[in-house]
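Heads up: the structure comes next, in structure tokens.
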Amino acid sequence: MPTPVNRFPSFVRQIVERLKAAFPALGTLRIANMLARAGLHVARSTVRRFLEAHAHPPSPAAPHPANAAHGLLPAPAAVGSGSSRSPRIISRGPNHTWLVDLTIVPTAAGFWVPWLPNALLQRWPFCWWVAVVIDHFSRKAVGHATFKKQPTGKELCAFLGRVVRNVGRPPKYIITDQGAQFATAYRAWCASRGIRPRFGALGRHGSIALVERFIRSLKDEGLRRVLVPFRLSMMQVEVASFVDWYNTSRPHMALGGATPTEVYRGRRPANTGPRFETRARYPARGRGKLRAPQGTPLRLCIGYHEGRRHLPVVRLRKAA
């Protein structure tokens, strides 16, 4: 039978499988976005099909005999119909709205030890306190700081002042939770600079979801894949390396595969530039804008941001 014109060659499957093998934590959408930034546009469903070709999904669990006898099925997940939704955040451009939050990162001597004083003392050498500032419009991390203990309101204001000086101007709004740091001193600091402080709902998860999602990525994709250092300078370098990779190399799903720096600077996203077309007979549009002639074999080149093997930078090259 003739080969369909929309079928990808075998080396595309090998590229997807190799990328998944090198970084097992990558999902299908992340793999598709990373390859699109390198010039190879493959749908998420195609990536899933490549990865599931030799996979054997587990069989569904058998129902409990008592439930089966009475015809009972597992209850669906409950949906909170009575909960109120947080107000929508609107940003009209970069540095219009910032989100600020704090988190703790355990060291090797930290919270995994069940006895005292490790289980109670939330300070160095058992953990670090990390503060981050996220620009809501671009999702860019515009500032970060590491503290040996929970920072006071004065220390937090000094950190925000450094971020404002680095950016060049203060935002119109800053959204935080209702922690002890964001009290009288913080409100006075905002008033002196014409910033309007806004606060998330008390005790409601997701009221500052965007910065919380960044903190999750910082821990899952960055700090939990290395031995968290005990020296402050080394910890600052680890956080700075992840933030730089996050801003410049990691495709953001909410931005359509662009990076936060591209949106922040108004640059053209890499996934919208010239691309590779690996299917020789596929009727591709704009053939003059292709990076190479149609059907050119490719090879995967994996780099590492600042030599850190948990921060991948994907590129594609023409195979020899």
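Hey, can you tell me all the residues within the stretch 233-287 that are of a type in the set (Gly, Ala, Ser), closer than 14 Å to Arg37 by Cα and outside any helix (DSSP H, G or I)? Matches in the stretch 233-287: Ser249, Gly256, Gly257, Ala258, Gly273. Selection of the stretch 251-281 for residues being hydrophobic (A, V, I, L, M, F, W, C) and over 26 Å from Asn95 (Cα atoms) yields Phe276, Ala280.
Every residue, every condition in (1) touching a residue at least 60 places away in the same chain (Cβ under 8 Å); (2) acidic (Asp, Glu); (3) under 23 Å from Leu102 (Cβ atoms), yes or no:
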| position | (1), (2), (3) |
| --- | --- |
| Arg216 | no, no, yes |
| Leu232 | yes, no, yes |
| Asp244 | yes, yes, yes |
| Gly256 | no, no, no |
| Thr272 | no, no, no |
| Ala292 | no, no, no |
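Yes/no matrix, rows are residues, columns are (1) modelled with pLDDT of 95 or more; (2) more than 25 Å from Met235 (Cα to Cα); (3) surrounded by 18 or more Cβ atoms within 10 Å (Cβ to Cβ); (4) not hydroxyl-bearing (Ser, Thr, Tyr):
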{"residue": "Ala109", "(1), (2), (3), (4)": "no, no, no, yes"}
{"residue": "Pro114", "(1), (2), (3), (4)": "no, no, no, yes"}
{"residue": "Leu160", "(1), (2), (3), (4)": "yes, no, yes, yes"}
{"residue": "Arg187", "(1), (2), (3), (4)": "yes, yes, no, yes"}
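When each of Asp135, Asp220 is tested for being surrounded by fewer than 18 Cβ atoms within 10 Å (Cβ to Cβ) and in contact (Cβ under 8 Å) with a residue 40 or more places away in the chain, the lone residue that passes is Asp220. If you filter the stretch 277-318 down to residues that are farther than 18 Å from Arg13 by Cβ and among the hydrophobic types (A, V, I, L, M, F, W, C), you find that the one that is surrounded by the most Cβ atoms within 10 Å (Cβ to Cβ) is Leu311.
Could you grab me the full set of residues in the stretch 223-232 that are of a type in the set (D, E, K, R) and either surrounded by 15 or more Cβ atoms within 10 Å (Cβ to Cβ) or assigned to a helix (DSSP H, G or I) (or both)?
Of all residues in the stretch 223-232, those of a type in the set (D, E, K, R) come to 224-225, 231.
Arg224, Arg225 - these are the residues of the stretch 223-232 that are of a type in the set (D, E, K, R) and either surrounded by 15 or more Cβ atoms within 10 Å (Cβ to Cβ) or assigned to a helix (DSSP H, G or I) (or both).
Of all residues in the stretch 212-230, one or more are touching a strand residue (DSSP E or B) at 6+ places or on another chain (Cβ under 6 Å) and within 23 Å of Arg88 (Cα to Cα). The residues of the stretch 254-276 that are hydrophobic (A, V, I, L, M, F, W, C) and surrounded by 13 or more Cβ atoms within 10 Å (Cβ to Cβ), listed by number, are Leu255, Ala258, Val263, Ala270, Phe276.
The values are calculated or read from the model by the stated rules, or taken from the named source; none is laboratory data. A quick note: this is a predicted structure, and the numbers were derived from the prediction, not measured. So basically every Cβ, Gly included, is an ideal-geometry build from the backbone, and we count neighbours across all protein chains shown.
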